[in-house]
Amino acid sequence: MTDAYLKPGLPAPAASRDGLDAPFWQALARNEIQLQRCRGCGKFQWGPEWICHRCLSFDLGFEKVEPVGRIYSYERVWHPVHSALKDQGPYVVVLVELPHANDVRVIGNLLGDPRAPVAIGAAVEAVFEHHEDAKPAFTLLQWRRAGR
Amino acid sequence: MTERSLRGRVAVAGVGQTAYYKHGESPDPESKLTLEAIVNACKDAGISPRDLDGFASFSNDRNDGPRMAAALGAKELRFSNMFWGGGGGGTAGAIENASAAIACGIADCVVVYRGLAQGQFGRFGRGAEIRTVSGDGAYTLPYGLMSAAQMFAMKVTRFMHEHGVRQDALKSIALASYRHAQRNPAAVRYGRPLTPEQYDASRWIVEPFRLFDCCQENDGAAAVVLVPAERARDFPHPPCYVLGTASGGHYRAAAPSHNAPDYASSHFKTVAKRLYAMAQLSPHDVDVLQSYENFTGGVLMAIVEHGFCAPEDVNAFFTLENLSAPSGRLPLNTSGGNLAECYMHGLGLTIEAIRQIWRTSTNPVDADVSMMIAGPMVTPVSSVIFGSEATR
């Protein structure tokens, strides 16, 4: 498994039982971002829905998205609200806008020094953080500053 | 103005609350607290709880209306209502629902109430200790984005970035609440003043929120009894009318994974317009404001979106002097609010808004128009304006 950014023990993501977001999680395991795209109007939306909020088509699929984005907002967390984070220290959560997917946004951690300044608008690239030993295994979509 | 309005059609008969406690310190369980607050509100109105015929609450209150009606021996239940949505976004929304029921003749005497014992049922500030998560939570929880503070810091950071807001603006909101609480013996933080230095030295919870930017976690209950305006003079208090209410959110405000198109918002841009239209008032008419502090950053955005201050002027507007009773430009959270009186999911703030009209606040502002803003940054949010006889 890749080195995890956060200490183990946080809730592990699982595909929703109704299958709505299964392709997203399966793609992450293959080092790919796949997000929901409407076959009616061709636009991306995130999180996934059973209907396109723009054209109200039910004909939706998942498509590969370039693994690059820019920081739309961020936060540095200090106070642990979960027992797994008791000895974590500060960590950074970023909200990343994806220009290749109609600017939908995804949440992840910004890898690197958690105390370093974070610039809104900065370019970031995806890092696929595999938790292969977890049962069931899962992959998190993380981010690092681009061009490193 | 269309006749489809609540303006001046509903009045407050009485308010009630329990003693307010730090979480875990209530000697009584939540359901008993809730009953006590309702009984106190009825006593305040000089009526019997048996005469309540409507029960309205919000935020999935565990103390359901029909059960409360049975426990209190209410003669007949005519209105049983829950305002959808979590957090405190429904505080004014429950007033709105109850008022609508009264104005339409569905019920005659409705209690809006909230019971909340975080000591008994778990603290809001903790993340879920669960093994797996699916659905919308799967996109946030595994990254350590788990609590309300963490959910909303992301929005506030973006807003501060867009408008050059400084930390001092947030600090002023916290200081105002604590200053007002020092004159309110019922406040949990009464006798515990906050200095600017203490604020600056307090620990980060999640940037840009320090400890004192975050609401308390409390045990208690509160209740408000509403009646038709025709009966406004039948009770011990002077008339206090509902002049306007509005609730909801802008386009796709509740989109998952932080995808609301207009993101750096407290979600009041459209709500505030409808509120003022119904009340036939503007921000200049508002004498005193109670604005729900989940976190100070939400208060700041809510005040901007209710038109009290332009986004580019926040650093000048949000000063302790401007926000202080009795003579600041906009006296704010005059009971101490969620930060320093009690986090009763905003119903304590609603009661304070009413007390300002009744002149019974411990930080009185000569108010004829008194506003309460509920639950910034959640969806739905809600607001209400109360007015004295002079405004009707």
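The values are calculated or read from the model by the stated rules, or taken from the named source; none is laboratory data. Here the structure is a predicted model, which means the values were calculated and not measured. Here Cβ is always computed from backbone atoms with ideal geometry, including for glycine, and neighbour counts include all displayed protein chains.
In segment B:241-254, of all residues being touching an Asp or Glu at 6+ places or on another chain (Cβ under 9 Å) and on the phi < 0 side of the Ramachandran plot, the one that is nearest to the other protein chains (Cβ to nearest Cβ) corresponds to B:Y251. Note on segment B:230-259: residues that are touching a residue at least 40 places away in the same chain (Cβ under 8 Å), among the hydrophobic types (A, V, I, L, M, F, W, C) and in a loop (DSSP other than H, G, I, E, B) total 4. Scanning for something under 21 Å from B:V165 (Cα atoms) and in contact with a strand residue (DSSP E or B) (Cβ under 7 Å, 6 or more places away or on another chain), does segment B:341-362 turn up at least one residue? Among the residues of segment B:341-362, not one is under 21 Å from B:V165 (Cα atoms) and in contact with a strand residue (DSSP E or B) (Cβ under 7 Å, 6 or more places away or on another chain), which makes the answer no. Among the residues of segment B:184-219, those that are within 14 Å of another protein chain (Cβ to nearest Cβ), of a type in the set (F, W, Y) and not in a helix (DSSP H, G or I) comprise B:W204, B:F209.
Screening B:S266 on (1) within 14 Å of chain A (Cβ to nearest Cβ); (2) under 15 Å from B:R158 (Cα atoms); (3) among the hydroxyl-bearing types (S, T, Y); (4) touching an Asp or Glu at 6+ places or on another chain (Cβ under 9 Å) shows it passes everything except condition (1).
Only one of the listed residues (B:F295, B:F235) is farther than 23 Å from B:S5 by Cα, within 14 Å of another protein chain (Cβ to nearest Cβ) and either of a type outside the set (A, V, I, L, M) or touching an Asp or Glu at 6+ places or on another chain (Cβ under 6 Å) (or both). That residue is B:F295. With respect to (1) within 12 Å of chain A (Cβ to nearest Cβ); (2) within 30 Å of B:A272 (Cα to Cα); (3) assigned to a helix (DSSP H, G or I), the lone exception for B:N97 is condition (1). The set of residues in segment A:67-83 that are more than 8 Å from chain B (Cβ to nearest Cβ) and closer than 18 Å to B:M151 by Cβ comprises A:I71, A:P80. If you go through segment B:5-30 and keep only what is more than 21 Å from B:A186 (Cα to Cα) and among the hydroxyl-bearing types (S, T, Y), you end up with just B:S5. Does B:V271 qualify as being at pLDDT 95 or above and in a strand (DSSP E or B)? Considered against the rule, which asks whether it is at pLDDT 95 or above and in a strand (DSSP E or B), B:V271 comes out as no. Filtered by the rule that a residue be exposed (fewer than 15 other Cβ atoms within 10 Å of the Cβ) and touching a residue at least 60 places away in the same chain (Cβ under 8 Å), segment A:97-133 gives A:E132, A:D133.
For B:F295, state whether it is within 25 Å of B:D61 (Cβ to Cβ), out of contact with any Ser or Thr (no Cβ under 9 Å at 6 or more places or on another chain) and among the hydrophobic types (A, V, I, L, M, F, W, C). Yes: the conditions hold for B:F295.
Condition first: of a type outside the set (F, W, Y) and farther than 30 Å from B:R329 by Cα. Can you find one or more residues in segment B:151-163 that meet it? Yes. Within segment A:45-66, residues that are aromatic (F, W, Y) sit with their Cβ atoms under 6 Å from residues that are in a loop (DSSP other than H, G, I, E, B), at 6+ positions apart or across chains, in these pairs: A:W46/B:S257; A:W46/B:N259; A:F58/A:I51. Assessment of segment B:107-125 against the conditions (under 29 Å from A:T139 (Cα atoms) and within 9 Å of chain A (Cβ to nearest Cβ)) yields at least one matching residue.
Annotation note: of A:V118, A:V92, A:V96, A:V106, the sole residue that is within 12 Å of another protein chain (Cβ to nearest Cβ), at pLDDT 95 or above and farther than 21 Å from A:L28 by Cβ is A:V118.
Determine which member of the set B:T140, B:T132 is at pLDDT below 95, closer than 27 Å to A:G89 by Cβ and of a type in the set (S, T, Y).
Every option except B:T132 fails the conditions.
B:D287 - would you say it is within 14 Å of another protein chain (Cβ to nearest Cβ) and of a type in the set (D, E, K, R)? No.
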